[in-house]
Amino acid sequence: MAQHILRRDLKKDEIREKIVSGVESVASHQQALWIVLAAALVVALAVFGWNSYARRETAKAAAALDDGLKIFQARIRGAGEPADPVEVTYLDEKNKFTDADKKFLVVAGQYGRTKPGQMARYYAALSEVQLKDYADAEKNLNQVISGGDENLTALAKFQLAEVYALENKGSQAVDLYKQLSDKPTVFVPKAMAMLALADYYRKSDPAQATKLYNQVKQEFPDAAAEADQGLELLNAKT
């Protein structure tokens, strides 16, 4: 009888231990679950906070870029024409592009991680080309290219090829035009790259230029007028 009671008590202890173990296991899993949920909440809040911050920064950058573009696109007024307080105007191109360059570089420096900030650096390079400051234009265009945006990279490469051509770095210009022709984008389509390459060859290799112009006419009828114009200039030269 005592042995029977002992076995019964032992069985109860086993059941109790299983229940306790189960409760502890559930509690442990719940604690882990709460830790995971808390971590997810922290991440979600961080993402939300970063997205809100990024949107605010992008909006500020876009407004600053717009101010720079007003300078870049400003009209050159006549010598005797008074300045208009509403319209941004300049008396000469050099001061206009100098001011635009400074403005764009500030935007690029403050908001370099935003799309408008990257565009500001591109426009800084365009301003520097107008000022014949080719070294700084190269530097800024290469920074835009390293930014990774496909369409903006294509625009920067196209402009960099133009800079190389102005600097008599022909092989580098040709390499970039061919890259752009082999991998066209929305902002630099194949016909545009081919025409630019043909224009470059027009001075150094008329036969190659003629071949490219005719290829453009055959493959891209919408660009035939530009190709014909290039051929006319080529024939006038010869």
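The values are calculated or read from the model by the stated rules, or taken from the named source; none is laboratory data. Remember, predicted model here, so these are calculated numbers, not experimental data. Using ideal geometry, Cβ is built from the backbone for each residue, glycine included, and neighbour counts are taken over all protein chains shown.
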* Evaluate the following for residue 203: is it more than 27 Å from residue 138 (Cα to Cα), surrounded by fewer than 18 Cβ atoms within 10 Å (Cβ to Cβ) and charged (D, E, K, R)? => no
* Read through the list (1) at pLDDT 90 or above; (2) surrounded by 12 or more Cβ atoms within 10 Å (Cβ to Cβ), then give the number of the only condition that residue 54 fails. => (1)
* Can you name the residue in segment 72-123 that is of a type in the set (Val, Ile, Thr) and more than 24 Å from residue 59 (Cα to Cα) and, of all such residues, is modelled with the highest pLDDT? -> 98
* Structure fact -> With the first residue restricted to segment 204-229 and required to be within 22 Å of residue 168 (Cα to Cα), and the second required to be of a type in the set (D, E, K, R), Cβ contacts under 7 Å at 6 or more apart or on different chains are 209/202
* Residue count for segment 98-139, restricted to those that are of a type in the set (Ser, Thr, Tyr), over 20 Å from residue 76 (Cα atoms) and under 19 Å from the mean Cα position of the chain (by Cα) -> 3
* Asked: Just wondering, is there one or more residues in segment 172-182 that are surrounded by fewer than 14 Cβ atoms within 10 Å (Cβ to Cβ), modelled with pLDDT under 95 and out of contact with any Gly (no Cβ under 8 Å at 6 or more places or on another chain)?
  -> no
* Structure fact -> Of 216, 129, 186, the only residue that is surrounded by 15 or more Cβ atoms within 10 Å (Cβ to Cβ) and under 29 Å from residue 104 (Cα atoms) is 129
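Evaluate segment 132-140: report whether one residue or more is at pLDDT 95 or above, of a type in the set (Phe, Trp, Tyr) and either surrounded by 20 or more Cβ atoms within 10 Å (Cβ to Cβ) or farther than 20 Å from residue 199 by Cβ (or both).
Our first condition is that a residue be at pLDDT 95 or above; within segment 132-140, this holds for 132-140.
Then drop every residue that is not of a type in the set (Phe, Trp, Tyr), which leaves 134.
Imposing the further condition that a residue be either surrounded by 20 or more Cβ atoms within 10 Å (Cβ to Cβ) or farther than 20 Å from residue 199 by Cβ (or both) reduces the set to none.
Checked against the condition, which is being at pLDDT 95 or above, of a type in the set (Phe, Trp, Tyr) and either surrounded by 20 or more Cβ atoms within 10 Å (Cβ to Cβ) or farther than 20 Å from residue 199 by Cβ (or both), segment 132-140 yields no hits at all.
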* Tell me which residues, restricted to segment 140-195, are without any contact (Cβ under 8 Å) to a residue 24 or more places away in the chain, of a type in the set (D, E, K, R) and not in a loop (DSSP other than H, G, I, E, B). => 175, 178, 182
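Checking the conditions here, which among 157, 169, 178 is among the basic types (Lys, Arg) and closer than 19 Å to residue 223 by Cβ? Working first, answer last.
Numbers: 157 fails: closer than 19 Å to residue 223 by Cβ; 169 fails: closer than 19 Å to residue 223 by Cβ.
On inspection, the qualifying residue turns out to be 178.
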